[in-house]
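Just so you know, all these numbers are worked out from the coordinates, no wet-lab data involved. The structure presented is a predicted model; accordingly, all values stated were derived computationally and were not measured. Positions of Cβ are backbone-derived with ideal geometry, glycine not excepted, and every protein chain shown enters the neighbour counts.
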Amino acid sequence: MLRVILGEPPRKNSGVLADAMENMATFAALLRKEMNAHEDNDHEYRKLEIWTRGLISSLDELEQSWFAAAFYRRSVIAGYMDDMSPVEQGDYARYVYFYKDGFIRVFSLLDKLGTVLNHFYDLETSKLKTHFSYFTVLRQLQLLNVHPALADQLEQIKNSYRDPLENLRKRRNAEIHYMNSEMQDDLWQRHQGLHDKIQLEDLDSHLEDLKQSLEMNCKTLIVAFSYSNEQLRKKISKAKSVQS
């Protein structure tokens, strides 16, 4: 959608993004097939299907936010706010908008995945914490030790992207709980010299954190849903054998 608005060709899914989308679509299709074949009286499969399709949309939106932020970043040339033309200030504002939208979506998507995993694997994470995050669900998965292969893979991915995730977490927390994240950088600079020009934050470094976190989301989704597809197939096969 955003690519069309920006005059760019539509995205062609590839790499980890395509793999993540495919694994989620397979899970949703398996659920739909089972619902069509048998009654889903408790609506558990329907609920999981809706959540999974929501995750597909969330990943699409996250990638679009990163793309749009990178698109507008290319138009920001000046290193200081005071040196920007009105047009460049507008492009910088649009970069900030999509960058912030992106880092908020990184954690929102992970938490939605946590809800799916918690439900599908009966982890009962809400008994530990009413409003739980993906990371709480991952700890619960490790604590219960019911699917160690899944937990180990997810933990490895989380650790591999620890630094960019932590950078985005700090900026998200500043944005949500304190002040606009880019203004926090400005405030720090004002403390250094009241009358100095305000230098822009490291846009390329921030975009790289967002890109790495998008990649982390994709790899996490691939592992979570490729494993869950296997488990769902086993569950369906077991139910058929019992019925026969």
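Brief remarks on what is shown
- Subtracting the Cα-Cα distance of residue 81 and residue 236 from their residue separation scaled by 0.36 nm leaves 49.9 nm.
- Seen against the Cα atoms of the chain and their longest principal axis, helix 162-173 is set at about 70 degrees.
- Modelled spin-label separation between residue 124 and residue 202, with each label point placed 7 Å from Cα along the Cα-to-Cβ direction: 4.6 nm.
- Two-decimal ratio, the stretch 2-243, of alpha-carbon radius of gyration to 2.2 N^0.38 Å: 1.19
- Zone residues, the stretch 1-30, relative to residue 229, backbone N less than 11 Å from point 7 Å out along Cα-to-Cβ: 19-30
- Two-site label geometry, residue 56 and residue 88: point separation in nm, points 7 Å out along Cα→Cβ: 4.3
- Extension gain for residue 163 to residue 131 (0.36 nm times residue separation, less C-alpha to C-alpha distance): 9.1 nm.
- Convex hull per residue volume in Å³, alpha carbons only, for the stretch 5-68: 93
- Peptide packing: for 162-175, 218-231, the average count of neighbouring Cβ atoms within 10 Å per residue gives the ranking 218-231, 162-175, highest mean first.
- Full extension of the chain segment joining residue 101 with residue 146 gains 12.7 nm, where the gain is 0.36 nm per residue of separation less the Cα-Cα distance.
- For the stretch 1-139, the ratio of Cα radius of gyration to the globular rule of thumb 2.2 N^0.38 Å stands at 1.36.
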